[in-house]
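Asks: One structure, pasted below without further comment.
The values are calculated or read from the model by the stated rules, or taken from the named source; none is laboratory data. Keep in mind that what you see is a predicted model, and the values were worked out from it rather than measured. Using ideal geometry, Cβ is built from the backbone for each residue, glycine included, and neighbour counts are taken over all protein chains shown. Note: accessible area is taken over every heavy atom of the protein model, side chains too, but ligands, DNA and RNA are not part of it. Shrake-Rupley method; radii C 1.70, N 1.55, O 1.52, S 1.80 Å.
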Amino acid sequence: MAQVYFLVADMPPFQASHAGRDAAICGSCPLRGRLVKSSSGANKVVERQCYVFLPHGPRQVYDAWRKGNYPEVDPRDGSRALTRRLVRLGSYGDPACVPYPVLEALLAKVGDVTGYTHQWQRFPELRRWCMASCDTPAERDAAHALGFRTFRIRRRDEPVLAGEGICPGSHEMNRALRCSECMLCGGESTGTKGDVTIIAHGHGANYFHRNVPETLDA
Ligand code: SF4
């Protein structure tokens, strides 16, 4: 699949996160963590729950882009490059940071797409390609009210809810399928109705398992 990264242009991803500049590409996503002052007076992020490890993929893509390894293209030309491709919107960052007409032009000829947004309340039009990223059952209900299908992360002790299927790419499903074989997470564009759930995983999962659902429900 073609992987789409949304990056802050003038600062590496890890530094942008610790400066709070990642709001430009992740909006108010609660998994970004909380910005605090360290004892030296510098900003730092605590309680980050995002599964993306910034020094890996995002940093590599950022460095390659800064070196000029990615050509600059008009979205309409980009759509030619993506013709009939499988595309993942948001290997890092939220598609909501891009104006809708740009996404529409870019994805005009795409094969199938997967996408995720935590900004579903502000940008309901993204339900066309994106799952609403939800962290609690209450958020899932609210996203349904806006017409979204949902991708909900849950704690190990939380049940799978009616209407949800477990992501077949997850460890709990023994990684039965890859996204490119599944492609369920394409919002309305898939023509299917079901939701997806997965046990919180990746870099910030431990903090989620300890705290997040209660925090968000409060
Ligand atoms: S449900 Fe399918 S498309 Fe969505 S994350 Fe899991 S494997 Fe990928």
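Asks: Taking the range 8-35 on its own, how many of its residues are open to solvent by less than 50 Å² (accessible area, probe 1.4 Å) and touching a Pro at 6+ places or on another chain (Cβ under 7 Å)?
Replies: 1
Asks: Do you know which residues across the range 92-131 are of a type in the set (Gly, Ala, Ser) and within 16 Å of the ligand (Cβ to nearest atom)?
Replies: Within the range 92-131, Gly111, Gly115 meet the criteria.
Asks: Next up: Those residues that are open to solvent by 10 Å² or more (accessible area, probe 1.4 Å) and of a type outside the set (Ser, Thr, Tyr), I need them from the range 129-147; list them, please.
Replies: If the condition is that a residue be open to solvent by 10 Å² or more (accessible area, probe 1.4 Å) and of a type outside the set (Ser, Thr, Tyr), then Trp129, Pro137, Ala138, Glu139, Arg140, Asp141, Ala142, His144, Ala145, Leu146, Gly147 are the ones that fit.
Asks: Take the conditions under 26 Å from Cys97 (Cβ atoms), in contact with a helix residue (DSSP H, G or I) (Cβ under 6 Å, 6 or more places away or on another chain) and not hydroxyl-bearing (Ser, Thr, Tyr) and apply them to Leu107. Does it pass? It would help to see each step written out before you state the result.
Replies: Working: under 26 Å from Cys97 (Cβ atoms): yes; in contact with a helix residue (DSSP H, G or I) (Cβ under 6 Å, 6 or more places away or on another chain): no; not hydroxyl-bearing (Ser, Thr, Tyr): yes.
Against the criterion (under 26 Å from Cys97 (Cβ atoms), in contact with a helix residue (DSSP H, G or I) (Cβ under 6 Å, 6 or more places away or on another chain) and not hydroxyl-bearing (Ser, Thr, Tyr)), Leu107 does not qualify.
Asks: Which of (1) away from the ligand (no atom under 11 Å from the Cβ); (2) farther than 17 Å from Tyr51 by Cα does Cys134 not meet, given it meets every other one?
Replies: Every condition holds for Cys134 apart from (2).
Asks: Right, next: Residue by residue through the range 117-128, note down the ones that are in contact with a Pro (Cβ under 9 Å, 6 or more places away or on another chain) and crowded, with 22+ Cβ neighbours inside 10 Å.
Replies: Within the range 117-128, Thr117, His118, Leu126 meet the criteria.
Asks: Before we move on, is Gly186 open to solvent by 30 Å² or more (accessible area, probe 1.4 Å), farther than 18 Å from Ser28 by Cβ and either away from the ligand (no atom under 11 Å from the Cβ) or of a type outside the set (D, E, K, R) (or both)?
Replies: No.
Asks: Of all residues in the range 169-178, which are out of contact with any Lys or Arg (no Cβ under 8 Å at 6 or more places or on another chain) and either in a helix (DSSP H, G or I) or near the ligand (Cβ under 8 Å from one of its atoms) (or both)?
Replies: The answer is Ser170, His171, Glu172, Met173, Leu177, Arg178.
Asks: Moving on to the next point. Being more than 20 Å from Pro95 (Cβ to Cβ) and surrounded by 18 or more Cβ atoms within 10 Å (Cβ to Cβ) is the filter here, so list the residues in the range 148-167 that pass it.
Replies: Selection gives Arg154, Glu164.
Asks: Restricting attention to the range 12-28, which residues are out of contact with any helix residue (DSSP H, G or I) (no Cβ under 9 Å at 6 or more places or on another chain) and in a loop (DSSP other than H, G, I, E, B)? Explain how you work it out, then say what you get.
Replies: Filtering the range 12-28 for residues out of contact with any helix residue (DSSP H, G or I) (no Cβ under 9 Å at 6 or more places or on another chain) gives 15, 18-19, 28.
Residues satisfying the conditions are Ala19, Ser28.
Asks: Same structure again: Val46: loosely packed, with under 15 Cβ neighbours inside 10 Å and closer than 22 Å to Pro30 by Cβ, yes or no?
Replies: Spelling it out, Val46 is indeed loosely packed, with under 15 Cβ neighbours inside 10 Å and closer than 22 Å to Pro30 by Cβ.
Asks: Let me ask something additional. Would you check if Glu181 is farther than 24 Å from Ile25 by Cα, of a type outside the set (Lys, Arg), at pLDDT below 95 and outside any loop (DSSP other than H, G, I, E, B)?
Replies: Here the answer is no, as Glu181 does not meet what is asked.
Asks: When you go through (1) at pLDDT below 95; (2) more than 29 Å from Leu177 (Cα to Cα) one by one for Leu82, which number turns out not to apply?
Replies: Single failed check for Leu82: (2).
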